[in-house]
Amino acid sequence: MSLVDIANPERLCHKEQRLFQNLRDLERVIVAFSGGTDSAYLAWAAVRVLGANALAMTADSASLPESHKRDAEAFVQRFGIAHEYVRTNEFDNPDYVRNDPNRCFHCKDELFTVLDKVAGERGYQHIIYGVNLDDLGDYRPGQNAARQHQVAAPLA
């Protein structure tokens, strides 16, 4: 969100309505929910628009601190968001453990591989995540994993 948006509530409302329409078009989604601000807003919006056809899923692995789990659980409970944890095993991948600049790719690739399987088993047409327009100019290898798995970024 830009300063222009904050200063112009009408513009911000228009952007939110466009997001809601984009979510309606997706019909049934799994939200890759990290518990961060962007994925939290996306999960809230998806549930507001799609109701029971939106499910937030959080990767549960050794890389997720318990404090982050508590924060995520408090958020979904407060806003009535269906939420589940899904086990990921990025530490089994030597490319992830190497901790080089592409670590985020391997983490997201693992997450999206697991979410692809869940989506297929449960009839979800789309997986979405909270990358936004400001993130697109940064070096974020996880975006490559999202593209490879055809994960949508409605906030972008």
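The values are calculated or read from the model by the stated rules, or taken from the named source; none is laboratory data. For clarity, every value in this text was computed on a predicted model and none was experimentally measured. Cβ placement follows ideal geometry from the backbone for every residue including glycine, while neighbour counts extend to all protein chains displayed. For accessibility, only protein heavy atoms count, side chains too; no ligands or nucleic acids. Shrake-Rupley method; radii C 1.70, N 1.55, O 1.52, S 1.80 Å.
Would you check if there is a residue in the stretch 63-70 being at pLDDT 95 or above and among the polar types (S, T, N, Q)? No, there is no match, as no residue in the stretch 63-70 is at pLDDT 95 or above and among the polar types (S, T, N, Q). Can you confirm whether the stretch 94-101 contains a residue that is open to solvent by 50 Å² or more (accessible area, probe 1.4 Å), among the acidic types (Asp, Glu) and in contact with a helix residue (DSSP H, G or I) (Cβ under 7 Å, 6 or more places away or on another chain)? Yes, because at least one residue in the stretch 94-101 is open to solvent by 50 Å² or more (accessible area, probe 1.4 Å), among the acidic types (Asp, Glu) and in contact with a helix residue (DSSP H, G or I) (Cβ under 7 Å, 6 or more places away or on another chain). Restricting the search to strands (runs of 3 or more DSSP E) fully inside the stretch 9-103 and requiring at least 3 residues that are under 22 Å from Gln150 (Cα atoms) and either of a type in the set (Gly, Ala, Ser) or touching a Cys at 6+ places or on another chain (Cβ under 9 Å) (or both) gives 54-60. Taking each residue of the stretch 12-26 that is farther than 15 Å from Ala46 by Cβ and looking for partners that are open to solvent by 70 Å² or more (accessible area, probe 1.4 Å) with beta-carbon atoms closer than 8 Å, six or more apart or interchain, yields Leu12/Met1; Leu12/Ile6. Note on the stretch 113-143: residues that are of a type in the set (Val, Ile, Thr) and part of a helix (DSSP H, G or I) total 3. When each of Leu3, Leu55, Leu12 is tested for being aliphatic (A, V, I, L, M) and at pLDDT 95 or above, the lone residue that passes is Leu55. The set of residues in the stretch 105-143 that are touching a Cys at 6+ places or on another chain (Cβ under 7 Å) and surrounded by fewer than 21 Cβ atoms within 10 Å (Cβ to Cβ) comprises Arg140, Pro141.
Considering (1) within 14 Å of Phe33 (Cβ to Cβ); (2) modelled with pLDDT of 95 or more; (3) not small (Gly, Ala, Ser), the lone condition that Lys117 does not fulfil carries the number (1). Checked against the criteria, Glu73 does not count as within 16 Å of Val118 (Cβ to Cβ), open to solvent by 60 Å² or more (accessible area, probe 1.4 Å), at pLDDT 95 or above and not aromatic (Phe, Trp, Tyr).
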